[in-house]
1. Look through Gly91, Gly80 and report the one residue that is small (Gly, Ala, Ser) and at pLDDT below 95.
2. Working only within the stretch 1-35, note down all residues that are surrounded by 15 or more Cβ atoms within 10 Å (Cβ to Cβ), in a helix (DSSP H, G or I) and either among the basic types (Lys, Arg) or within 11 Å of the chain's Cα centre (by Cα) (or both).
3. Conditions first: (1) modelled with pLDDT of 90 or more; (2) under 28 Å from Val81 (Cβ atoms); (3) of a type in the set (A, V, I, L, M, F, W, C). Trp185 passes all but one, so which condition is the exception?
4. For Val131, only one of the following conditions fails: (1) at pLDDT 95 or above; (2) touching a Gly at 6+ places or on another chain (Cβ under 9 Å). What is its number?
5. If I ask for residues that are of a type in the set (Ser, Thr, Tyr) and exposed (fewer than 15 other Cβ atoms within 10 Å of the Cβ), which ones from the stretch 108-166 would you list?
6. Look at Leu164 and say whether it is in a loop (DSSP other than H, G, I, E, B) and either within 28 Å of Thr60 (Cα to Cα) or under 22 Å from the mean Cα position of the chain (by Cα) (or both).
7. I'd like to verify a number: residues in the stretch 90-107 that are over 21 Å from Arg51 (Cα atoms) and surrounded by fewer than 17 Cβ atoms within 10 Å (Cβ to Cβ), how many?
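The values are calculated or read from the model by the stated rules, or taken from the named source; none is laboratory data. If you're wondering where the values come from, they're calculated on a predicted model, not measured in any experiment. Every residue, glycine among them, receives a Cβ derived from its backbone with ideal geometry; neighbour counts consider all protein chains shown.
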Amino acid sequence: MASVVSSQSDYDTISVKEAKRQLRIASEDFDKEVEDAIREAIDYCERITGRTLRTAVGRTDKHPNWCEAVKGFQWQPVIGVSAVSYYDADGNSQSVSSSYWRFLTSTNGPAKLEFDADYTLPVLDVRSDAVQVTYTTGYADIDDVPPAAKRAIKTMLTVFWGDLAPQAIAKWEQSAIDTLRLLEWGAF
């Protein structure tokens, strides 16, 4: 399955002011570099968790068949699904009406796509992107991002900012990973 980012919010999880406090930077001379380090740290933590740790990122997951499409979304938490489309047996792009599908959220696992029991799934063209699900991940409010995730992002800021020895980088990186793994995510 491939996942493509179609739109994204700012890297708003950690402000430049918060990052500068973490990095002990008083000057405004390095604000651009601090913004870059914030982006790197957030991207890193998102890749580790498979979760969007900011507001509203639009994504499209591409699947080779219907079975793969209903297994779940590659990225969590899912805020909403905007479209389900497919390539029919003739290779034409088609849309599935939203009256035939829904996305389900659970406190016990990731959000999933579900089709109505009486909906007949169309025959697909043979291709790796036969089914495409367009959805939005992230948090409705940046304050909903778990505080531990924010701590892990700040930890990674130190790695991306500093001129650290390889052993120190490994230590800081492992600290961030351990923090992310221990999170109680709650509703996926």
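1. Gly80
2. Lys20
3. So the condition that Trp185 fails would be (1).
4. Against the list (1) at pLDDT 95 or above; (2) touching a Gly at 6+ places or on another chain (Cβ under 9 Å), Val131 comes up short only on (2).
5. Tyr119, Thr120, Ser128
6. no
7. 10
For (1) without any contact (Cβ under 8 Å) to a residue 12 or more places away in the chain; (2) assigned by TED's automatic domain parsing to the domain that holds Phe115; (3) under 21 Å from Pro110 (Cα atoms), each residue gets a yes or a no:
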{"site": "Ile25", "(1), (2), (3)": "yes, no, no"}
{"site": "Glu35", "(1), (2), (3)": "no, no, no"}
{"site": "Cys45", "(1), (2), (3)": "no, no, yes"}
{"site": "Cys67", "(1), (2), (3)": "yes, yes, yes"}
{"site": "Gln76", "(1), (2), (3)": "no, yes, yes"}
